[in-house]
1. Return only the number of the condition from (1) modelled with pLDDT under 95; (2) closer than 30 Å to Val422 by Cβ that Tyr93 does not satisfy.
2. Test Gln197 against the stated conditions and say whether it is open to solvent by 20 Å² or more (accessible area, probe 1.4 Å) and in contact (Cβ under 8 Å) with a residue 12 or more places away in the chain.
3. Mind telling me which of the residues Gly228, Gly255, Gly219 ends up being within 19 Å of Gly63 (Cβ to Cβ) and at pLDDT below 95?
4. From His100, His148, grab the single residue that is surrounded by 16 or more Cβ atoms within 10 Å (Cβ to Cβ) and part of a loop (DSSP other than H, G, I, E, B).
5. Can Ala381 be described as modelled with pLDDT of 90 or more, within 26 Å of Ile119 (Cα to Cα) and part of a loop (DSSP other than H, G, I, E, B)?
6. Taking the stated definitions as given, is Pro229 out of contact with any strand residue (DSSP E or B) (no Cβ under 6 Å at 6 or more places or on another chain) and either in a helix (DSSP H, G or I) or under 28 Å from Ala146 (Cβ atoms) (or both)?
7. From the list Tyr364, Tyr347, pick out the single residue that is surrounded by fewer than 18 Cβ atoms within 10 Å (Cβ to Cβ), over 30 Å from Asp103 (Cα atoms) and aromatic (Phe, Trp, Tyr).
8. Quick test for you: out of Phe202, Phe183, Phe207, Phe222, pick the one residue that is of a type in the set (Phe, Trp, Tyr), under 15 Å from the mean Cα position of the chain (by Cα) and more than 22 Å from Ser319 (Cβ to Cβ).
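The values are calculated or read from the model by the stated rules, or taken from the named source; none is laboratory data. This is a predicted model, so every value here is computed, not measured. Virtual Cβ from ideal backbone geometry, glycine too; neighbours counted across all protein chains shown. For the accessible areas, the whole protein counts, side chains as well, though only heavy atoms, and no ligand, DNA or RNA atoms are used. Shrake-Rupley method; radii C 1.70, N 1.55, O 1.52, S 1.80 Å.
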Amino acid sequence: MFAEKKSAAQRAERRPDMAELKYMPGFGNEFSSEDPRCPGSLPEGQNNPQVCPYGLYAEQLSGSAFTCPRSSNKRSWFYRILPSVCHKPFQAYEQKHLTHNWDEVEPDPNQMRWKPFVIGDMKTDFVDGLYTLCGAGDAKSRNGIAIHVYTCNVSMVDRCLYNSDGDLLIVPQQGKLLILTEFGKILVEPNEICVIQQGMRFSVEVFGDSRGYILEVFGVHFELPDLGPIGANGLANPRDFLTPVACYEDRTVAGGYTVISKYQGKLFSAQQNFSPYNVVAWHGNYTPYKYNLDNFMVINCVAFDHADPSIFTVLTAKSLRPGVAIADFVIFPPRWGVADHTFRPPYYHRNCMSEFMGLIRGHYEAKEEGFQAGGGSLHSAMTPHGPDAGCFEKASNAKLEPERVADGTMAFMFESSLSMAVTRWGLETCSRLDKGYYRCWETLRRHFTPNQRSKK
């Protein structure tokens, strides 16, 4: 079990009972956890006894069909003070800028880049601060993705969210998040990620202005990529993923607790009079988890040429076609560049996949100007893209010797086999689209010398 200890100054920012957060390491493991205030709260030898210890209710959360192969079957059992069924009927909740409508505007194949998304002055929590940027597919048919950004400045108070449509991969860029879940509590800071899987109830507490990115996938779950010839170790190692331990709230909310459901792309809310985080114990392999991107073990080219970015895949959500992902989460971490006779930055490219890039910190090597932390870019299927003119000239004439690449930087990519549409908010309402993005390639010069072969 891993303990995450904080300094006195950091502890002062949080509630006293959050002085130490504990986690269990491993990816997709069979976990079990019980709050130490109620020892023996997990039933022995069975999931659903006639009477549970401490008078608790047994409740199963299924993340896969009952009949899935054992290797892909996902479920967890909760032992809670009251079951989650105890709520008033759901009613429509104000939708704001969260959408799965991919036909709001006409298709646009142009290269797109957004300036950093603005965190407003109005008090806004995580749910109301969700903005859909682009996506494809359909939550009803359980096949597709959506890319959102969040900007918020206050914590969710007496309300939680759960997503009936799919999994949420949360990438904080500014501000740490304390995420309360039915499984326990997770502190996620910039340069870490957190995955909240389908159906899991959670609330987000913030400590000031907060901003980040979210990749949502419908119908499948994130997995670690296969390693193939790499071997048994490397990239994101399973031991570095952390799952929270049980920590229950026995709290009645006189004014009502709001449960918000995202269902078929729409938001709904229901009222209940108790905290949903009343889980005293749980066991299973269907859990939320977090991962620190600094733990990624980079594989890179050490002879010549530029390896494909797939070697930087942290998590993948597979499609039914072998080797083709609904979505990949790829990072570009600090590393050594040592390849000889090679143009080392990313090459010019037309891709059958869609590529959304974001920047957590620093300056991305292929576009040091214009691509800023807290912003993003989208290069749609078969739309050409690559390093800007300055990067090309610099890298083409650089002395090739071992050098550190991307120190102080963390860029990432959400890559998908689906052809994504941009929302009206992304194209117009947010007013952050950089309409002069195409100009970064305008100054690329001709170097063609038909009568003289280059010496390099």
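1. Going through (1) modelled with pLDDT under 95; (2) closer than 30 Å to Val422 by Cβ one by one, Tyr93 breaks only (1).
2. When the stated conditions are applied, Gln197 does not pass them.
3. Gly219
4. Just one listed residue meets the conditions, His100.
5. no
6. Yes.
7. On inspection, the qualifying residue turns out to be Tyr347.
8. Phe202 is the lone residue from the list that is of a type in the set (Phe, Trp, Tyr), under 15 Å from the mean Cα position of the chain (by Cα) and more than 22 Å from Ser319 (Cβ to Cβ).
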